[in-house]
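Here is the structure we will look at.
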Amino acid sequence: MKSKKPGELLNWDDIQKVKYYWNVSCEVIRLSPPSQGSFREALNDFVFNGFSIPKGWKVSKAGSVHSTHKNPEYFPNTQNFDPTRFEGNRPAPYMFVPFEGRPKMCIGKEYVRL
Ligand code: HEM
């Protein structure tokens with residue numbers, strides 16, 4: 001705020017500087033993910049890992065976001081609120097998925113960040 005002139009608004013460059021704030025946000029949505037995940041409808045019968053999935057079934061895209069974010073192997077002391085876990089090395093790929101993953105990842109996530 002000290003770098004801003006009176007009345008000057010925060011902009012995208014400012015947001016990049018407040019890293020601890022973003023770590024806090026990430027820890028909030030790790031513990032309370034707004035989305036529980038999404039589904040796709042099977043267009044054809046198929047077999048995956050030995051499971052037969054009939055056409056028309058709804059298939060969970062990424063499992064439960066909630067339980068993925070509480071995996072103690074990747075998030076030790078998983079129930080503790082600890083924004084420092086987002087400092088330095090980021091969580092392993094696909095272990096922090098509030099906006100899911102490519103190719104249908106949320107396009108609003110940077111807007112959400114603002
Ligand atoms: C906390 C807020 C939000 C969360 C947790 C969230 C989460 C998600 C998730 C999990 C998906 C993937 C859905 C799927 O694969 O079926 C998604 C997709 C999407 N989100 Fe968000 N979202 C948020 C806010 C927003 C906002 C603010 C916008 C727009 C301004 C937005 C626009 C979209 C769009 C357009 C897609 C579809 C992307 C595609 O199909 O390629 N989201 N979001």
Amide H contacts of Phe46 (H built 1.01 Å from N, under 5 Å, at least 5 apart or other chain): Ile53, Lys55
Spin-label pair Ser64/Arg90, simplified geometry with 7 Å Cα→Cβ offset, distance in nm: 2.6 nm
Most fluctuating residue given options Glu87, Glu73, Glu27, as computed from a GNM of the chain linking Cα atoms under 10 Å: Glu73
Most to least accessible of Phe46, Phe51, Phe75, Phe81 (protein chains only, probe 1.4 Å): Phe51, Phe81, Phe46, Phe75
Radius of gyration and Dmax over the Cα atoms of the chain, both given in Å: 18.3, 63
Nearest-ten-degree value, helix 19-31 long axis tilted from longest Cα axis of the chain: 30 degrees
Flagged links, alpha-carbon separation over 31 Å, of Lys4/Lys70; Lys70/Lys109; Lys5/Lys109; Lys17/Lys58: Lys4/Lys70; Lys17/Lys58
Residue-normalised accessible area of the range 48-114, given per residue in Å² at a 1.4 Å probe: 73 Å²
Helix-derived mean residue ellipticity, 222 nm - over the chain, DSSP H n ≥ 4, -39500 (n - 2.57), to 500: -6000 deg cm²/dmol
Residues with amide H under 5 Å from that of Gly37, placed H, sequence gap 5 or more: Val65
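The values are calculated or read from the model by the stated rules, or taken from the named source; none is laboratory data. No experiment lies behind these values; they were computed from the predicted model shown. Heads up, the Cβs are rebuilt from the backbone with ideal geometry, glycines too, and the neighbour counts pull from every protein chain shown. All accessible areas refer to the heavy atoms of the entire protein, side chains included, with ligands and DNA or RNA removed. Shrake-Rupley method; radii C 1.70, N 1.55, O 1.52, S 1.80 Å.
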